[in-house]
Amino acid sequence: MPVQTEIQSAFEDKNKDLLQECIHCGFCLPACPTYTLNGNEADSPRGRLYLMEAFSQGKLDATESLHRHLDLCLVCRACETACPSGVQFGSLMESAREALLPTKQKRHPVLKILEKAVTSHTRLSSLMKVGRVYQKSGLHWLTTHTFLRYLVPIAMRYGNESLSPIPNKRFGKEETQIFPARSKKLGAVTLFTGCLMDHLFSHVHEATVRILTWNGYEVVVPGKQTCCGALHAHSGDTATADTLAQEQLQLLGETEPDAIIVNAAGCGARLKDYGRFAAGDGQTLTSAPKVRDLTEFLAAIELRPPEGKLEMRVVYDEPCHLLHAQGISAEPRQLISAIPGITLLPLQESDFCCGSAGSYSLTESETSLAILERKMEHISAAGADAVITANPGCQIQLA
């Protein structure tokens, strides 16, 4: 039996029932960033499901065109929110990319570098050192403020203009850290620090610890944490993604927290998906259900009233993997509105993707920026002093 047929057969056996859940109603079309951008049915959720089904039945080969239509998907999962049949599009897309990975002639070099780097803090630290030298040496200024910006690839140009200064050190350590409650202890939580979040947004982890300890929770930060595997899963490398998942489950399972706190929407969505490993590891049953987004956790407890005031007009842009993957929308708004002095303004299409989608902004930069343009028009029209979001990729994209 040819290799291609074996791949198609395996994909059909795994996903036939899920593919048949689509009733082809088209409710997903206006929710899809790529379809609203180019109007191509093959770049819509419904169209991509048709392509997956045709591939699984052997009616369509793994052509460059098939790869292109699937690669262009951001996996924002807005279609899942819009779908009346509950089609698990995100799971199907990851499965399709996994099946097609052996047939892919070449992968984007940026994606290969990132996938290798995020599995090791040693490699990430080396990459961050290079980034800091680049930012501080003057090369960063030259490639963002002079004609040289037009000589660098668009992905690098995008990263240059959006990335904030890289911190001197990451938040996590090799050994476990314990931060005691600063008021009467109400419980204990574990903080998941991840990979890029740990290096690029260490100040967010610090702020997370401050607000949790201030509200009476001991925070345990297990050492030797790495990537949650989301980047690999989205690109079809499920073998690496599953390995990373098992490693994090084992590490987080060594603590007995009231909750596992995540402050990055993409990581939270992935961690909550760890429940599918329950059959192979009983520890998963106790770990995955405890995963909580930080806003989800804070909105459910009685918070100490803020001691300060912040006079600002803000808008909240909803990260796709917080809204569509985790169903969290009201909680962030509740917390923002509770800050004295804050005026939360409405933002048109706050639930529409900003175009970041993890590594998508680097591998599909032109499409990513085209999607971002629509978002920025709405933000500008809102007249806010600041934009609040809850995912590192979104923050970089909107900067």
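Quick notes
- When the chain is treated as a Gaussian network with alpha carbon springs shorter than 10 Å, the biggest mean-square fluctuation among V133, V387, V219 belongs to V133.
- Ordered by the number of other Cβ atoms lying within 10 Å of each residue's own Cβ, fewest first, R270, R123, R374 fall into the sequence R123, R374, R270.
- Listed by chain and number, the lysines whose alpha-carbon sits under 17 Å from that of K116, ignoring those within fewer than 8 places in the same chain, are K106, K129, K224.
- Ranked packing of 15-21, 247-253, 288-294, most packed first, by mean Cβ within 10 Å: 288-294, 247-253, 15-21
- Length gained on full extension, K59 to I23, computed as 0.36 nm times the residue gap minus the Cα-Cα distance: 11.0 nm.
- Candidate values [x] 1.00; [y] 1.18; [z] 1.08 were compared with Cα Rg over 2.2 N^0.38 Å computed on the shown model; the agreeing label is [x].
- Note on H69, H232, H378: ascending count of other Cβ atoms within 10 Å places them as H378, H69, H232, the fewest first.
- The sum of -39500 (n - 2.57) across all DSSP H runs of n ≥ 4, divided by the residue count of the chain, sets its helix-only mean residue ellipticity at 222 nm to -14500 deg cm²/dmol.
- With Cα atoms defining each centre, segment 355-399 and segment 101-123 are spaced 23 Å apart in the structure.
- Separation in nanometres of the label points that stand 7 Å from Cα toward Cβ, at Q250 and K116: 2.5
- Treating r as the C-beta distance of K173 and K129 and R0 as 22 Å, the FRET efficiency rounds to 0.80.
- Candidates L37, L372, L362, ranked by Gaussian network fluctuation over the chain, Cα under 10 Å, top entry: L37
- For trypsin sites (Lys or Arg not before Pro), the sites in segment 44-79 that DSSP calls loop and that have at most 11 other Cβ atoms within 10 Å are K59.
- Cβ-based exposure ranking for S380, S202, S44, in which fewest neighbours within 10 Å come first: S380, S202, S44
- On full extension, the segment bounded by E377 and F147 gains 80.2 nm, given 0.36 nm per residue less the C-alpha separation.
- Point-charge dipole on Cβ atoms (K/R +1, D/E -1) for the chain, about Cα centre, debye to 20: 1180
- Cα centroid separation, segment 168-216 to segment 8-53 (Å): 40
- Nearby lysines by direct alpha-carbon distance to K59 (threshold 21 angstrom, same-chain neighbours under 8 apart not counted): K14, K16, K104
- The mean sequence separation of alpha-carbon pairs under 8 Å and at least six residues apart, normalised by the residue count of segment 1-75, gives a relative contact order of 34 percent.
- Vicinal HN-Hα couplings computed from phi for segment 42-48 (Karplus, 6.51 cos²θ - 1.76 cosθ + 1.60; Hz; Gly/Pro x): 5, 9, 10, x, 4, x, 5
- Karplus (6.51, -1.76, 1.60) ³J(HN,Hα), θ = phi - 60°, over segment 71-88, in Hz, Gly and Pro reported as x: 5, 6, 6, 7, 6, 6, 6, 5, 5, 5, 5, 7, 6, x, 9, x, 4, 8
- Spacing of the two label points (7 Å from each Cα toward its C-beta) at S183 and Q348, in nm: 4.1
- Highest-first packing order for the peptide set 22-34, 309-321 is 309-321, 22-34, based on the mean count of other beta carbon atoms within 10 Å.
Where a number appears in this text, it was derived from the coordinates with a stated rule and is not lab data. Every value quoted in this text rests on a predicted model; they were computed, and no experiment measured them. Counting neighbours? That spans all protein chains shown, and the Cβs are built from the backbone with ideal geometry, glycine included.
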